[in-house]
1. For the stretch 127-178, which positions are exposed (fewer than 13 other Cβ atoms within 10 Å of the Cβ) and among the β-branched types (Val, Ile, Thr)?
2. Within the stretch 108-125, is there a residue that is buried (at least 19 other Cβ atoms within 10 Å of the Cβ) and in contact with a Phe, Trp or Tyr (Cβ under 7 Å, 6 or more places away or on another chain)?
3. With a cut-off of at least 1 residues that are more than 20 Å from the chain's Cα centre (by Cα), name the helices (runs of 4 or more DSSP H) lying wholly within the stretch 11-90.
4. Looking at the stretch 79-119, which of its residues are touching a Gly at 6+ places or on another chain (Cβ under 9 Å), closer than 28 Å to residue 251 by Cβ and among the aliphatic types (A, V, I, L, M)?
5. Which one of these does residue 192 not meet: (1) out of contact with any Leu (no Cβ under 6 Å at 6 or more places or on another chain); (2) at pLDDT 95 or above?
6. Just checking, how many residues over the stretch 232-253 are of a type outside the set (A, V, I, L, M, F, W, C) and crowded, with 22+ Cβ neighbours inside 10 Å?
7. What's the total number of residues in the stretch 194-210 that are under 24 Å from the mean Cα position of the chain (by Cα), within 19 Å of residue 149 (Cα to Cα) and of a type outside the set (Val, Ile, Thr)?
8. Going by what's in this entry, would residue 182 be described as more than 15 Å from residue 114 (Cβ to Cβ) and outside any helix (DSSP H, G or I)?
Amino acid sequence: STVCPTVVVADLEIMCKAPLKLLQAGLGDMLAKYISICEWRLSHLITGEYYCEKVATLVRGALKKCMSVESLADPAPETIRPIVEGLILSGMAMDFAGLSRPASGTEHYFSHIWDMRALEFQTPCDLHGIQCGVAALPCLRIYQFISSVVPDRQKALNFVRNFKIEDWNSFLTRFLGKSAQGLIEMEKKDQKYDLSSHQRRLDVMVAHWEDILQIILEELPAYEQVEQFMRKHGMPVTPAELGHSDIEVRNTYSATKDIREKYISSRLLWDLGLLDEAMEYL
């Protein structure tokens with residue numbers, strides 16, 4: 001088991017002299033928290049997963065301070081303080097909640113998959129925070145798409161009935177290599193593709209769609225705001241800048257729903273029968 005450290009020593013005089021890319025990675029990891037808090041609330045509504053507003057508020061406050069960072073090009077200690085404190089508070093938030101929800105959502109799964117593929121196929125990968133920051137942008141676009149749709153129960157049911165788990169497992173094996181086997185085994189326990197489980201989630205979404213849209217509206221900034229902020233700090237803003245093709249990004253997003261047991265945007269779109277249509281927003 002893991003435990004929260006009693007003391008964290010972070011000398012800002014030293015840390016502000018870190019290579020720019022490391023500072024960008026820290027900021028990128030923090031920007032990803034927009035998605036994680038939003039998806040934690042959505043999962044609480046749709047699946048009944050435990051949620052703590054006090055913990056979420058802690059992370060939101062840290063994130064707000066990070067969005068006030070002026071310049072990483074020649075940073076003073078006080079410039080990077082919000083990033084360092086934000087990352088520490090995110091770790092504390094996970095410890096308080098007893099799970100990684102406050103700090104990790106779909107965007108982190110992009111990073112995990114890119115790391116897995118790099119180990120298996122020697123494809124490009126980068127620092128974790130750089131990857132999370134880049135992935136947060138297509139995730140924001142996906143939520144723009146979700147906010148524009150109205151659930152169609154029959155369409156969702158037809159999509160799920162036509163889903164072939166054997167074909168999906170074959171895709172995972174081709175795309176992720178040996179790592180896929182653990183995900184395939186995990187699904188035998190999770191049963192997220194089970195028809196009756198899907199029906200229950202779909203019923204909740206149809207009944208509470210306005211609540212879902214309200215959560216997205218409350219938690220997520222505009223894509224353009226975050227992209228502009230990242231460009232201001234010289235950060236990469238597209239997967240292509242990290243060496244990932246459009247088809248790899250789409251396959252990565254499809255696979256995010258299998259990385260852990262969390263209910264995230266790719267699972268929500270699968271439940272709605274809209275996962276394929278959402279790909280153009282990546």
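The values are calculated or read from the model by the stated rules, or taken from the named source; none is laboratory data. As the structure is a prediction and not an experimental result, all values here were calculated from the model. All Cβ positions, glycine included, derive from the backbone under ideal geometry; neighbour counts span all protein chains shown.
1. Within the stretch 127-178, 150, 165 qualify.
2. Taking the stretch 108-125 and keeping what is buried (at least 19 other Cβ atoms within 10 Å of the Cβ), we get 108-114, 116-117, 125.
Still in the running and in contact with a Phe, Trp or Tyr (Cβ under 7 Å, 6 or more places away or on another chain): 125.
Yes: the stretch 108-125 contains one or more residues that are buried (at least 19 other Cβ atoms within 10 Å of the Cβ) and in contact with a Phe, Trp or Tyr (Cβ under 7 Å, 6 or more places away or on another chain).
3. 12-15, 20-31, 53-66
4. Answer for the stretch 79-119, where residues must be touching a Gly at 6+ places or on another chain (Cβ under 9 Å), closer than 28 Å to residue 251 by Cβ and among the aliphatic types (A, V, I, L, M): 103, 116, 119.
5. Unmet for residue 192, out of (1) out of contact with any Leu (no Cβ under 6 Å at 6 or more places or on another chain); (2) at pLDDT 95 or above: (2).
6. Summing the residues that are of a type outside the set (A, V, I, L, M, F, W, C) and crowded, with 22+ Cβ neighbours inside 10 Å in the stretch 232-253 gives 4.
7. 7
8. Values: more than 15 Å from residue 114 (Cβ to Cβ): yes; outside any helix (DSSP H, G or I): no.
No, not satisfied.
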